[in-house]
Structure formats: C-alpha cells, structure tokens
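All remarks here apply to the structure that follows.
A short reminder: the numbers here are calculations on the coordinates, not readings from a lab. Predicted, not measured: the structure shown is a model, and the values here were computed from it. Please note: Cβ atoms are built from the backbone with ideal geometry, for glycine as well, and neighbour counts cover all protein chains shown.
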Amino acid sequence: MKKQNYFAHETAVIDESCNIGADTKIWHFSHIMSGCTIGEGCNIGQNVVVSPGVILGKNVKVQNNVSIYTGVNCEDDVFLGPSMVFTNVINPRSAVNRRNEYMETTVRKGASIGANATIVCGNDIGAYSFIGAGAVVVKEVKPYALVVGNPSRQIGWISEYGHRLTFDDTGIAVCPESKEKYELKNNRVNKIT
C-alpha cells in the first residue's frame with residue numbers, strides 16, 4: 001500500500017481517484033470527492049466538501065464549512081473564508097436536472113474571499129483581489145480589487161499583502177508592509193517589478 005504524503009483526519013472521507021499534494025492537511029468531517037485535484041501544502045478545514053473535478057492549486061486555505069462545487073477552480077495561494085459559498089448553476093430548480101449546465105468560476109492566484117461571502121457562478125475572481133465578509137459577488141472581480149456589499153461593489157484596491165492601496169497623483173501606490181509599488185492605469189492595477 002502506498003504511503004500517503006498528506007494528513008487526513010480519521011473522520012475525513014476521501015474518495016478514490018483524487019490527487020492530493022504533499023503536506024496537505026484535511027480536517028474533521030471533510031469529504032474529498034472523486035476526480036478532484038488538491039495541490040501541495042493546502043489546508044482543508046472542518047466540514048468541507050470538495051466536489052468531483054474541482055482543482056485547488058498549491059497552498060490553498062479552505063476554512064470550515066465551505067463547499068467547493070464542480071466547476072470551481074482555485075489557483076495557488078487562495079484563501080476561502082469560513083462558510084463562504086460558491087454556486088455552480090445560475091437558475092437551480094429541484095425538479096430540473098442541470099448537471100450539464102454547471103458554470104465555471106476561477107479564483108485567481110492570491111485572492112481572498114471573506115467569511116459568509118457568496119460567489120455567483122460564472123464570475124471569475126481576479127488575482128490578489130479581496131472579497132469582504134458577507135459580500136455577494138454577481139460580476140467579475142478585477143485583480144487587486146477590494147469588493148464589499150450585497151450586491152458587491154468595488155470600493156478600492158488592495159496589495160498582495162492585504163493592505164488598502166492609496167494612489168498618488170501619478171497613479172503610484174506603495175504597500176505599507178512589503179514596500180512593493182503598484183500602478184493604477186486605465187482602471188487596472190499592476191505591481192511594478
């Protein structure tokens with residue numbers, strides 16, 4: 001029998017044909033369903049469901065009570081806050097089978113989604129964006145955007161270290177923690193390398 005290179009709590013259920021990366025931790029009462037891929041160094045909290053075909057990159061942190069449905073893919077370094085919600089069908093009905101109508105949602109590298117936020121399917125979440133707690137996302141979120149409310153609206157920009165960015169007259173901002181510089185141009189933010 002092949003030795004596991006990840007940790008799974010004894011109450012976790014892991015179906016066959018999953019690909020789970022080294023140093024990943026899967027905690028109490030979580031269910032990892034067949035055909036999903038979980039990268040290295042992930043942390044899957046308590047009472048989490050990862051549905052068939054879902055792909056999680058490296059170092060993804062999934063807090064308690066999150067269901068990641070088929071059609072959702074998360075790139076590296078994504079944070080999914082406690083009890084946040086993904087959907088995968090735009091018009092669900094109990095009496096109508098829509099399994100062939102799952103819409104895809106991609107959460108790009110480094111994005112954070114706050115506790116109890118809802119991501120309506122088909123709306124990609126930009127790299128390093130930050131979705132505030134309780135927000136209901138109904139449209140695409142730009143990279144580095146700070147988004148709050150129901151329905152969600154962008155209220156600013158945020159650094160890769162999670163600090164709000166204040167741009168000067170030339171469109172340049174500096175993260176107070178990392179000292180990295182960012183440029184705001186044509187309503188888009190890019191890190192200056």
*Can you list residues whose amide H is under 5 Å from SER30's amide H, if they're 5+ apart or on another chain and H is modeled 1.01 Å from N?*
ALA12, VAL13, ASN47, VAL48
*asked:* Just to confirm the filter: which GluC sites (Glu not before Pro) across region 1-107 are DSSP coil and have at most 16 other Cβ within 10 angstrom of their Cβ?
replied: GLU10, GLU16, GLU40, GLU104
*Once the dipole of region 1-119 is set up with Lys and Arg at +1 and Asp and Glu at -1 on Cβ about the Cα centre, which of GLY57, MET103, ILE20 lies farthest towards its positive end?*
MET103
*Karplus (6.51, -1.76, 1.60) ³J(HN,Hα), θ = phi - 60°, over region 47-59, in Hz, Gly and Pro reported as x*: 6, 9, 10, 10, 7, x, x, 5, 10, 10, x, 6, 6
*Amide H within-cut-off set for GLY39, under 5 Å, with H built and near neighbours excluded*: GLY21, LEU56, GLY57
*Provide the per-residue ³J(HN,Hα) series for region 169-179, in order, calculated from phi with Karplus coefficients 6.51, -1.76, 1.60 and θ = phi - 60°, each as a whole number of Hz, with x at glycine and proline positions.*
5, 8, x, 10, 10, 10, 5, x, 8, 8, 6
*asked:* So I have (i) 11.2; (ii) 10.5; (iii) 12.4, and one of them is mean projected area of the Cα convex hull in nm² calculated from this model. Which one is it?
replied: (iii)
_Please compute the contact order of the chain in relative form: average sequence separation of alpha-carbon pairs under 8 Å and at least six residues apart, divided by the residue count, as a percent._
10 percent
*Beta bridges per DSSP with both ends in the chain, % antiparallel, nearest 5*: 30 percent
*Which of the listed residues, THR166, MET84, GLY132, is farthest toward the dipole's positive end in region 80-193, when Lys, Arg count +1 and Asp, Glu count -1 at the beta-carbon?*
MET84
*Can you list the residues, at least 5 places off or on another chain, whose amide H is less than 5 Å from the amide H of THR105, using H built in the peptide plane?*
VAL72, ASN73, GLY122
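Taking 19 Å as the cut-off for C-alpha to C-alpha distance, list the pairs among LYS58/LYS142; LYS25/LYS61; LYS58/LYS185; LYS139/LYS179; LYS58/LYS109; LYS109/LYS142 that go past it. Working shown, then result.
Numbers: LYS58/LYS142 21 Å; LYS25/LYS61 10 Å; LYS58/LYS185 30 Å; LYS139/LYS179 31 Å; LYS58/LYS109 10 Å; LYS109/LYS142 12 Å.
Where the Cα-Cα span goes over 19 Å, the pairs concerned are LYS58/LYS142; LYS58/LYS185; LYS139/LYS179.
Please report the relative contact order for region 59-169, taking Cα pairs under 8 Å with a sequence separation of at least 6, and give it as a percent rounded to a whole number. Present the calculation step by step, with values, prior to reporting the outcome.
Values: 307 pairs, mean separation 20.6, N = 111.
Computed value for region 59-169: 19 percent relative contact order.
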*Lys/Arg +1, Asp/Glu -1 at C-beta; region 50-193 dipole; positive extreme among GLY114, TRP157, ASN186*: GLY114
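Dipole of region 37-106, Cα-centred, from +1 at each Lys and Arg C-beta and -1 at each Asp and Glu C-beta, to the nearest 20 debye? Don't jump to the answer; show the numbers that get you there.
Working: 5 positive and 6 negative charges, 68 e Å.
Dipole magnitude for region 37-106 comes out near 320 debye.
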*asked:* Give me the dipole magnitude in Debye, nearest 20, for the chain about the Cα centre, with unit charges on the beta carbon: positive for Lys and Arg, negative for Asp and Glu.
replied: 260 debye
